[in-house]
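What follows is a short report on a single structure.
Nothing in this text is a laboratory measurement; each read-out follows from the coordinates by a stated rule. Just so we're clear, the structure is a prediction, and the values are computed from it rather than from any experiment. FYI the Cβ positions are ideal-geometry reconstructions off the backbone, even for glycines, and counts take in every protein chain you see.
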Amino acid sequence: MNEKETMAKALVAVDESAHSERAVILAARFAKETGVSLTLLHVIDDIKSYKELPDDLAYKPKTDKAKELLHRFKKLAEANGATDVQTMIAVGPVTEEIIRIGEENDFDYLVVGTRGFGTFKRFFLGSVADKVVRNAHLPVVVIRPIEKEKRIPLEKGDKKMRLLVAVDDSKASEKSVLGTSQFAGKADVHITLLHVLEDVVHYDEIPDTYVYNLRKAEAEKILNKAKAIAEAMGIKDIDTKIVAGPVVEEINRELKDHASVVLGWKDGNVFGKLISTAPRPIVIIR
């Protein structure tokens, strides 16, 4: 098996929106650092599902427009460092086609852009990104627009990509650790396993009290278990960290020094707030 056959593959779903443009830029920067191959997919929305583009003159204007869009985004990806970029057009229900193509073609993960307007219950407000996250069996990278773009941060000295994996004692967190190897196991990356001791107050250092010491000891057990899982999945460069404060704010504070955060899927407030505020892409593992 040659190197290209073992290379991780990302399917990037695009349309003509600004958040698709940002998704392409960040996916390309990630590809530059990790060697991931990109396939840019545009789905022509149709209530019917097609395995091939219909040989119908009615589809030609839409197909021509899709080709122009994909050509522009391919140039954008290459300008941001991606070297292996393919394009694909599909026709059918958008969400179903993104998921079908991703799963049938053995992609390692999906990349989708979103407007990023969060709520407590339905954080994507019924968008394509929402449906992809809720139904895909692949890791999904969610990229929301932010006002000021920054370069993806790298580990000091060794130039490795840094990923933050937020963990607690839930099954969802265990899946996030397992899924990280699927998302980035083929790339030489640095993983930080983070556990937040929830508190309404920010702490630069964890308080030295009896209650916090008990909570910290429990957090260490959670992190040691997560680290053992990650190591068993082949991830070698791992560290762990415990912080105390508001969960979303603490994750975002740590995230500024990482390329993205990996979360296990759990519907609720944390997801809604992170989608609305995260300064980096979010990788969601179901």
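In order along region 231-248, the phi-based Karplus estimate (6.51 cos²θ - 1.76 cosθ + 1.60, θ = phi - 60°) of 3J(HN,Hα) comes to 5, 5, 8, x, 7, 9, 9, 9, 10, 10, 8, 10, 10, 10, x, x, 4, 5 Hz; Gly and Pro are listed as x.
With both labels modelled 7 Å from their Cα along Cα-to-Cβ, the Asn105 to Ser49 distance reads 1.6 nm. Along the Cα-to-Cβ line of Glu16, 7 Å from the Cα, sits a label point; which residues in region 58-77 have backbone N less than 16 Å from it? So the set is 59-73. With the largest listed first and rounded to whole Å, the semi-axes of the equivalent ellipsoid of region 1-110 from the Cα gyration tensor are 24, 16, 11. With a Förster radius of 41 Å applied to the beta-carbon distance between Asp169 and Thr63, the computed FRET efficiency rounds to 0.25. Among the listed pairs Lys131/Lys266; Lys216/Lys256; Lys175/Lys256; Lys32/Lys273, a Cα-Cα separation exceeding 25 Å is found for Lys32/Lys273.
On full extension, the segment bounded by Asp257 and Lys236 gains 5.6 nm, given 0.36 nm per residue less the C-alpha separation. Taking amide H atoms as placed 1.01 Å from N in the peptide plane, the amide H of Thr87 lies under 5 Å from those of Leu40, each 5 or more residues away in sequence or on another chain.
The alpha-carbon positions of region 161-280 define a convex hull whose volume is 99 Å³ per residue.
Listed by chain and number, the aspartates and glutamates placed with their C-alpha closer than 13 angstrom to that of Lys48 are Glu96, Glu97; residues fewer than eight positions away on the same chain are left out. Going 7 Å from the Cα of Val211 along its beta-carbon direction, which residues of region 236-268 have the amide nitrogen within less than 18 Å of the resulting point? Answer for region 236-268: 243-247. Each helix, a run of at least 4 DSSP H residues, gives -39500 (n - 2.57); summed and divided by the residues of the chain, these come to -12500 deg cm²/dmol at 222 nm. Among beta bridges identified by DSSP and lying wholly in the chain, the antiparallel ones come to about 10 percent.
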